[in-house]
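Asks: Starting off with a structure, shown below.
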Amino acid sequence: MIQYKYYLALERAQGIGPAALGEIHETVRAVNISVADLFSCTEQELRGEFTFSEPVYKGIREAVTLLEQVDDYYAQMIEAGISIVLFFEERYPPLLHERLHNTIPPVLYMIGNPSVLSTRCAALLGHRDTSEKGIMIIHRAAQECARHRITVCGGLSSGGGSAAHASAIE
């Protein structure tokens, strides 16, 4: 079972970017422990058992301090129906891995049917202060995507982001 809150805490820690998160995941998988086990290690145990870089050691220690805060945040997300897809899960979009490699967003947040992640997608993004002309362009683009069975994905910010989703649903 994936322990999402630990990965969320790591993602928020300074020094833990996508490449470091991948390194941590591969390391715990290789030695057959869970990411939660890292959080229970002392500094001495971490340094004695694992060969991470200094920023990763510091990031893990910081993630431990963030865990309680992240635990509350994660509970709120679950309650709101938000699910998480981590970069190493089978349902993570392969195209993101292919195109972005070590710069992928390690965590995707979503509401709805996760199977859409394996469909053709287009991200239609806009600033929350998108102009009327910008909203019109996003509206037409979203409708065209929907007409061609291309899933519209992106943020839900007020303005362009929400306009894209509303237009695709029409």
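Asks: Given the options V152, V107, name the one that is touching a residue at least 60 places away in the same chain (Cβ under 8 Å) and open to solvent by less than 100 Å² (accessible area, probe 1.4 Å).
Replies: V107
Asks: From the list A75, A9, which one is within 26 Å of L117 (Cα to Cα), of a type outside the set (D, E, K, R) and modelled with pLDDT under 95?
Replies: A75
Asks: When you look at R61, is it among the basic types (K, R) and over 30 Å from V152 (Cβ atoms), yes or no?
Replies: The answer is yes for R61.
Asks: Out of E11, E45, E26, report the one residue that is among the acidic types (D, E) and in contact (Cβ under 8 Å) with a residue 40 or more places away in the chain.
Replies: After ruling out the rest, the residue left standing is E11.
Asks: Tell me, please, whether a residue that is closer than 30 Å to E90 by Cβ and either at pLDDT 85 or above or surrounded by 14 or more Cβ atoms within 10 Å (Cβ to Cβ) (or both) can be found in segment 126-139.
Replies: Scanning segment 126-139, I find no residue that is closer than 30 Å to E90 by Cβ and either at pLDDT 85 or above or surrounded by 14 or more Cβ atoms within 10 Å (Cβ to Cβ) (or both), so the answer is no.
Asks: List the helices (runs of 4 or more DSSP H) that sit entirely inside segment 1-99 and contain at least 2 residues that are out of contact with any His (no Cβ under 9 Å at 6 or more places or on another chain) and surrounded by fewer than 17 Cβ atoms within 10 Å (Cβ to Cβ).
Replies: 18-30, 35-39, 43-49, 54-79
Asks: For segment 130-146, name all the residues that are more than 28 Å from H97 (Cβ to Cβ) and either among the charged types (D, E, K, R) or not in a loop (DSSP other than H, G, I, E, B) (or both). Let's see the steps before the verdict.
Replies: Filtering segment 130-146 down to residues more than 28 Å from H97 (Cβ to Cβ) leaves 130-137, 139-140, 143.
The answer is E132, K133, G134, I135, M136, I137, H139, R140, Q143.
Asks: OK, next. Report the residue count in segment 100-129 for those that are in contact with a helix residue (DSSP H, G or I) (Cβ under 8 Å, 6 or more places away or on another chain) and part of a loop (DSSP other than H, G, I, E, B).
Replies: The qualifying residues number 8.
The values are calculated or read from the model by the stated rules, or taken from the named source; none is laboratory data. Note that this is a predicted model, so its numbers are computed, not measured. Cβ coordinates were reconstructed from backbone atoms using ideal geometry, including for glycine residues, and neighbour counts include every protein chain displayed. All accessible areas refer to the heavy atoms of the entire protein, side chains included, with ligands and DNA or RNA removed. Shrake-Rupley method; radii C 1.70, N 1.55, O 1.52, S 1.80 Å.
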